[in-house]
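Here's the structure we're looking at; comments come further down.
The values are calculated or read from the model by the stated rules, or taken from the named source; none is laboratory data. Nothing here was measured: the structure is a model prediction, and the numbers come from that model. Here the Cβ is made from the backbone with ideal geometry for all residues, glycine too, and neighbour counts use every protein chain on show. The accessibility values were calculated without ligands, DNA or RNA, using every heavy atom of the protein model including side chains. Shrake-Rupley method; radii C 1.70, N 1.55, O 1.52, S 1.80 Å.
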Number of protein chains: 2
Amino acid sequence: MKKPLIKILPLLLGGILFAQNKQDSIQFKRISDEILINEQAYSNLYDLTKNIGHRLSGSESYEKATKWAFDKLKEAGADKVWYQEVMVPVWVRGKESLQIKTAKGQWKKLNMLSLGNSEGTKGQDLTAEIILVKSFDEFNKLSEADVKGKIVFFNYPFNQTFISTGQAYGDAGKYRSTTASLVAKKGGKAVIIRSLSSSFDDVPHTGMMRYQEGIEKIPAVAIGPKSADELEKTLKSEKILAKLNSNCTMKPDKLSHSVIGEITGKKDQSVIVVGGHLDSWDVGEGASDDGTGIVQSIEILRTFKKLNLQNNHTIRVVCFANEENGVKGGKKYKEEAQKNNEKHLFAIESDGGGFTPRGFGLDMKEGKRRQIQSWASLFFPYGIYDFTKTYSGTDVEPLNELDVPTAELVPDSQRYFDIHHTAEDTFEKVNRREMLLGAVAMGQLIYMIDKNW
Amino acid sequence: MKKPLIKILPLLLGGILFAQNKQDSIQFKRISDEILINEQAYSNLYDLTKNIGHRLSGSESYEKATKWAFDKLKEAGADKVWYQEVMVPVWVRGKESLQIKTAKGQWKKLNMLSLGNSEGTKGQDLTAEIILVKSFDEFNKLSEADVKGKIVFFNYPFNQTFISTGQAYGDAGKYRSTTASLVAKKGGKAVIIRSLSSSFDDVPHTGMMRYQEGIEKIPAVAIGPKSADELEKTLKSEKILAKLNSNCTMKPDKLSHSVIGEITGKKDQSVIVVGGHLDSWDVGEGASDDGTGIVQSIEILRTFKKLNLQNNHTIRVVCFANEENGVKGGKKYKEEAQKNNEKHLFAIESDGGGFTPRGFGLDMKEGKRRQIQSWASLFFPYGIYDFTKTYSGTDVEPLNELDVPTAELVPDSQRYFDIHHTAEDTFEKVNRREMLLGAVAMGQLIYMIDKNW
């Protein structure tokens, strides 16, 4: 007896889905094996961090890095590599120091870093009394008379109770970005903040701050957590003078470049972007932020070429310029995509460090997110299980304005903010296998999207 | 109109479950916050690793560590702390060296470590030609004539394609544990193995080997991956002599102790065990293996006391003796539990390093496992999602014979076998937050089991 189609259809469909799933899981393993065995990413990271080093927008080393990225994309087998012009801000640090003197003491140097985009003291000593506040609430209670002529020290702690350190970073971030202008409005002379650090060491963390239009641009600096704790303790019992001397300043914008390489799509020219940012802060080596995102992205291109995966759509690696202090590269990329009427299917960034991946942030319509979530069982053997987050990377976010689904790799966050924006962000802090697994996960996701979208 | 009970019962039950779940999630957060803010585990680890250091069974430093653990359990608030006697093997390393000489060359030293429990050369030079095999298959093809008088070098690679490095460790482990007797049977003089390492550096890894009864006990040593690669390369084109000189040997067994501390159950005296092993190999500092398991377990006891969690059952921290080369502590613990008719509800060990936790291995009947899996949504916000593994810790495994459900914390595995059993297993390789989150996860699981079992 023939079974009615309505009864066997689910079985047929189930069979097709199972076979499909098996086919995908074979490709997942091919991608993973290729990267774990034949990878070039780790030696590329060594080269970028040790032979070029940190590379702030506008610096000579950033220009070196663009040439490096161009060559590495070629080496990896890109069909086409080019520079995308973009005007970037140029901030320079110069010599700087912060000293404190207690009522009975000598001048004592503190480990410090001026915050990115901050103005300095033009090489003059700025000497003033420090006053301590722990939060905006405490600061808002101070009158102009309290603040006038003083250096305000914001010792807002990094919230250790958040499981995702990114959440604690976001929470404390406003103390870095906004306090200088708030203090200037009340007549203060400078701002010191506690570094946005998950650690309790004495390493200062830089990072971008912003001035409000029309408000005096007073200097803003960060000190390490240990110095911050000690300073708070001393301030509770005595007056402390600070002497800041710094030379940082903003220069005129400069022409620079993002670097782009792609494998042409076999079926059409719709674009899937994978990227990181090529610039870094001007301390350390820009290894975890974001050398790893760059070498992972190049590794994916190499892997698609090497395995001859015959991508339907164009897979494009973008090494974005100027994420750290302006996001000019990400914004320019979106403008160009719009101007050239390029259809973008998807864009993902890796900018959370080369730590073992746990999932993807998915900033897109619910239907697309659900479809990616439906692939979860394929990813589970690779330690990828978290598809709940809805943010994406800073450089790909502008593409949201063109309705492009965007994403970010979500690596384990526990170690990132120990070293983020510091002299400690070095090659040695990156684990080879952890970083490679990030490339594996993004490569697998791109494989699925290329095939299904 | 009254609704029939059958219709409102699911709602009622749903409401109760929801309220229950909310209550549990509040307790989860209390445990997490207490550990992330007020922890003593990290400074305890510093103390154990820097002031005592490595601590092989039978060594003076192991005895120091037992006193240290006793004091720390008291400090953490244990109601009762005691030593559990156990006879342990005593293996001593002594001075050792391995040199090689190519056809044209000078003698050249290689970084090496004798494998644990191996006999040495009694301080005499053992000089012989090296022959290379890559696997058991290759070795089995060799005749007695091929092997007689030679040193056999097993260069079996650590399989980089496994996502869990523990799987690669298990896969390569038999080359460490069994090859000496196999080679001795064919008249070989010694064995060199490639270290069981996920890295490509030149750090040698020790670890336990075993001799078959009645077979000559020939020396077995490990070299680092880099030396192994170079040695293989050279051996393909020329003959190499090796000169091994070592003093390691097994001494008579000695009386030692596991250290135990507990909080008495409020309702009954059934026991929930959480532990790690107090011994370590005789190189490095025994930080990740297994200082972290010890300080995490003590931290959980401290937290239950500090939060006054009023555990129904006895929560017992066991710092096991002699995991590394005999598991005498774990076996003795089980014997004593059986002899004293102690009812054990559950036992969990942390012995995979203090890396960010991902889940639990659950070695128990399906029903119990399912119940723990049903708590998954409570754990998800803490990054704990993997309840699929069915193994448990080496020291708690013997309790399976008494039908005790056992478990192991499953941390991220990517970095562990870079440093496992090496001079690099130091405090500096442990990240504070990652290690604390392991304590949080185990504390939360124990809270649930204490309440529900």
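Could you work out how far helix A:432-452 tilts from the main Cα principal axis of chain A, as a 0 to 90 degree angle to the nearest 10?
Roughly 50 degrees between the two axes.
Give me the angle, in degrees from 0 to 90, between the Cα long axis of helix A:165-177 and the longest principal axis of the Cα atoms of chain A, rounded to the nearest 10.
40 degrees
Cβ neighbours within 10 Å, averaged per peptide: list A:314-323, A:374-383 in order, most packed at the top. Before the final figure, lay out each step's value.
Details: A:314-323: 28.0, A:374-383: 16.3.
Final packing ranking: A:314-323, A:374-383.
Does anyone have the angle between helix B:292-306 and the longest principal axis of chain B? Alpha-carbon axes, 0 to 90°, nearest 10?
Computed tilt is about 20 degrees.
Run the label-point distances for residue B:238 please: 7 Å along Cα to Cβ, every other copy, nanometres, shortest first.
6.9
Please tell me which of these pairs span more than 22 angstrom C-alpha to C-alpha: A:185/A:331; A:29/A:306; A:64/A:254; A:185/A:236; B:134/B:226? Display every interim value, and only then the final one.
Values: A:185/A:331 31 Å; A:29/A:306 14 Å; A:64/A:254 15 Å; A:185/A:236 25 Å; B:134/B:226 15 Å.
Long pairs (Cα-Cα over 22 Å): A:185/A:331; A:185/A:236.
Every other copy gets compared here: list the nm distances from the residue A:213 label point (7 Å along Cα to Cβ) to its counterparts, shortest first, one decimal.
Its label point is 8.9 nm from the equivalent points in the other copies.
Calculated from DSSP H runs of 4 or more alone, at -39500 (n - 2.57) each and per residue, what is the 222 nm mean residue ellipticity of the protein assembly as shown, nearest 500? Show your work: numbers first, answer last.
On the way: 27 runs with 322 residues, N = 906.
The per-residue figure over the protein assembly as shown is -11000 deg cm²/dmol.
Antiparallel as a % of all DSSP beta bridges within segment B:295-427, to the nearest 5? Kindly include the intermediate steps, with their values, before the conclusion.
Numbers: 6 of 10 bridges.
Beta bridges within segment B:295-427, antiparallel portion: roughly 60 percent.
Between residue A:388 and the same site in the other copies, what are the distances in nm, shortest first, taking label points 7 Å from Cα along the C-beta direction?
Residue A:388 label point versus its equivalents elsewhere: 1.9 nm.
May I ask you to derive the relative contact order of segment B:95-247, considering only C-alpha pairs under 8 Å and at least 6 residues apart, and to give it as an integer percent?
Numbers: 345 pairs, mean separation 59.0, N = 153.
Reported relative contact order: 39 percent.
Can you find, among A:409, B:82, A:175, the residue farthest towards the positive end of the dipole of the protein assembly as shown? Put +1 on the C-beta of Lys and Arg, -1 on that of Asp and Glu.
The listed residue farthest towards the positive side: A:409.
What nm value, rounded to one decimal, do you get for the distance between residue A:137 and residue A:19 when each label is placed 7 Å out toward the C-beta?
6.4 nm
In chain B, what residue has the beta-carbon at the shortest distance from the axis of the rotation relating B to A, and what is that distance in angstrom, rounded to the whole number?
In residue-and-Å form, the answer is B:385, 2.
Need one number: % antiparallel among DSSP beta bridges in segment B:95-247, to the nearest 5. Before the final figure, lay out the partial values.
On the way: 17 of 30 bridges.
So the antiparallel bridges in segment B:95-247 amount to around 55 percent.
Can you give me the accessible area per residue for segment B:316-453, using a 1.4 Å probe, in Å²? Please list the in-between numbers first.
Working: 4270 Å² over 138 residues.
The answer is 31 Å² per residue.
Under 1.5 on a/c is rounded, so check that first for the protein assembly as shown, then, if it is not, pick prolate when a/b is larger than b/c and oblate when it is not; a ≥ b ≥ c are the square roots of the alpha carbon gyration tensor eigenvalues. It would help to have the intermediate numbers written out before the result.
Values: a/c = 1.37, a/b = 1.27, b/c = 1.08.
Rounded is the answer for the protein assembly as shown, as its axis ratio a/c remains below 1.5.
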